[in-house]
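Structure record follows, encoded as structure tokens.
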Amino acid sequence: MAWTEFKPIPNEYNDAFKSIDEQILRLLTERMKLANGRRYYPPTEQLEAWTGILNMTVPQMHSVLLHLLPNSHCYFPEPPDELVNVAPLLKKTVVDGIEYHMTHAMHYRNGSEIAIEIRLLDDREHVDRMHPQIHLEVTGKEQYIARRDRVGGGGSHTHMTFFVTPSIAEPIEGVQFRLIPVAPLVDKPRVEVILDKEVRFE
């Protein structure tokens with residue numbers, strides 16, 4: 001097999017995009033200086049008011065604004081360290097016929113893993129799978145960073161885990177948990193290949 005050269009990715013960047021990108025970066029720099037490492041996040045009412053002006057959904061806005069929070073840059077955290085404690089949370093709520101149950105927290109030395117069970121209460125309609133587009137927001141005395149860890153399940157039930165750093169100290173009465181909707185700005189259609197032919201191995 002012969003070696004091939006890397007070809008540059010086609011890029012039709014022009015002055016129009018350059019001007020927009022420069023404005024975005026200037027505003028980001030101004031916001032970071034103004035925030036000075038503190039957390040400033042618009043309330044849901046403000047996001048809903050912006051939907052009609054900006055032609056964006058609230059989940060799309062969350063996807064952008066979450067990256068503006070302190071220490072929210074992409075990173076590859078270390079795996080969970082020594083397990084210190086497992087504490088029940090037992091927080092439950094129902095929204096639009098879907099039950100969200102925050103069951104327990106596994107506290108490690110370098111973070112806490114939060115487990116959430118999600119169940120569709122009305123099983124009369126067949127559901128192949130649930131596709132959660134939500135992110136866990138944790139607020140308290142510390143500045144917490146939550147990263148979605150695992151998603152599993154099928155049908156009308158799914159479960160999720162989030163790894164939160166730093167580790168949430170007990171007791172957790174002063175810590176607030178909230179699930180917020182997130183969605184990609186550009187939702188590309190999925191490409192599927194259906195394998196429906198008989199295959200024989202001779």
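Could you calculate the FRET efficiency of Lys197 with Phe17 from 1/(1 + (r/R0)^6), where r is the beta carbon distance between them and R0 is 45 Å, rounded to 0.05? Here the calculated transfer efficiency is 0.50. Rolling a 1.4 Å probe across all protein chains gives Asp122 an accessible area of roughly 70 Å². Per-residue SASA remark: Tyr40, around 110 Å² accessible (1.4 Å probe; ligands, DNA and RNA not included).
The values are calculated or read from the model by the stated rules, or taken from the named source; none is laboratory data. Just so it is clear, the model here is predicted, and its values are computed rather than measured. Quick reminder, even Gly has a Cβ in these numbers, built from the backbone with ideal geometry, and neighbours come from all protein chains shown. All accessible areas refer to the heavy atoms of the entire protein, side chains included, with ligands and DNA or RNA removed. Shrake-Rupley method; radii C 1.70, N 1.55, O 1.52, S 1.80 Å.
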